[in-house]
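Okay, structure first, notes after.
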Amino acid sequence: KQEVTQIPAALSVPEGENLVLNCSFTDSAIYNLQWFRQDPGKGLTSLLLIQSSQREQTSGRLNASLDKSSGRSTLYIAASQPGDSATYLCAVTYSGAGSYQLTFGKGTKLSVIP
Amino acid sequence: EAGVTQSPTHLIKTRGQQATLRCSPISGHTSVYWYQQALGLGLQFLLWYDEGEERNRGNFPPRFSGRQFPNYSSELNVNALELEDSALYLCASSLVPDRDEQFFGPGTRLTVL
């Protein structure tokens, strides 16, 4: 079964710290991997998309890496701020089935303490 | 440019009723995906429409159905509502399915009493 796992489930850090969120997936046959942010009761905001041929993507204070062979991705957040508090979701588009839906992890709930 | 929109924002129904949820994709996007986010279960794929056709469905019973209109907007219908259908229903759209990112709407919160 194709699954996505995110560890830890929750993380609390003081403001200003750099942090890393982890994502692993069971099958290396993927089209791409996407990181999202979700605020309570809201929809998903796309943060970064990494194609299977890419190793990393950067946007502002965010950097996402992809190691397809080991089935891992990390999201690095530099100089964290209280406004970064949210649930971060990793999602993979698995290839081979002729369908392109996202398979999601259960997320990491991040709290940045002022 | 307008993002993905969904209506209504909230919907309250009773068991056995039918619910209809609507989604308008980003202009130019032809693929629409529906996901369910139930408490404690994470995001689960429901349905994928592309160019007016249902292309794939997730592991949900047939009472979950939908369609995509010629303008690429979509509607999700849930018949014979059950208490466990209470969830946030999210719609997403994309341009090229195997390449481009999916953009999500704000969701419809369905509560079944």
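The listed residues are A:ALA91, A:ALA64, and the only one of them that is closer than 25 Å to A:PRO114 by Cα, buried (at least 19 other Cβ atoms within 10 Å of the Cβ) and among the aliphatic types (A, V, I, L, M) turns out to be A:ALA64. Considering segment B:89-113, the residues that are aliphatic (A, V, I, L, M) and either crowded, with 23+ Cβ neighbours inside 10 Å or under 21 Å from B:ASN71 (Cβ atoms) (or both) include one that is farthest from the other protein chains (Cβ to nearest Cβ), namely B:LEU95.
Please find, within segment B:28-54, the residue that is farthest from the other protein chains (Cβ to nearest Cβ) out of those that are small (Gly, Ala, Ser) and assigned to a strand (DSSP E or B). Here the answer is B:ALA38.
Out of all the residues in segment A:26-47, is one or more away from chain B (no Cβ under 14 Å) and assigned to a strand (DSSP E or B)? Taking every residue of segment A:26-47 in turn, none turns out to be away from chain B (no Cβ under 14 Å) and assigned to a strand (DSSP E or B). For segment B:1-27, filtering for residues that are among the aliphatic types (A, V, I, L, M), assigned to a loop (DSSP other than H, G, I, E, B) and loosely packed, with under 14 Cβ neighbours inside 10 Å leaves 1. Restricting attention to segment A:65-106, the residues that are assigned to a loop (DSSP other than H, G, I, E, B) and in contact with a Pro (Cβ under 6 Å, 6 or more places away or on another chain) add up to 1.
Taken together, the values in this text are just the output of simple stated rules run on the coordinates, not laboratory data. Note that the structure is a prediction, hence the values are computed from the model and not measured. Reconstructed Cβ throughout: ideal geometry from the backbone, glycine too, with neighbour counts over all protein chains shown.
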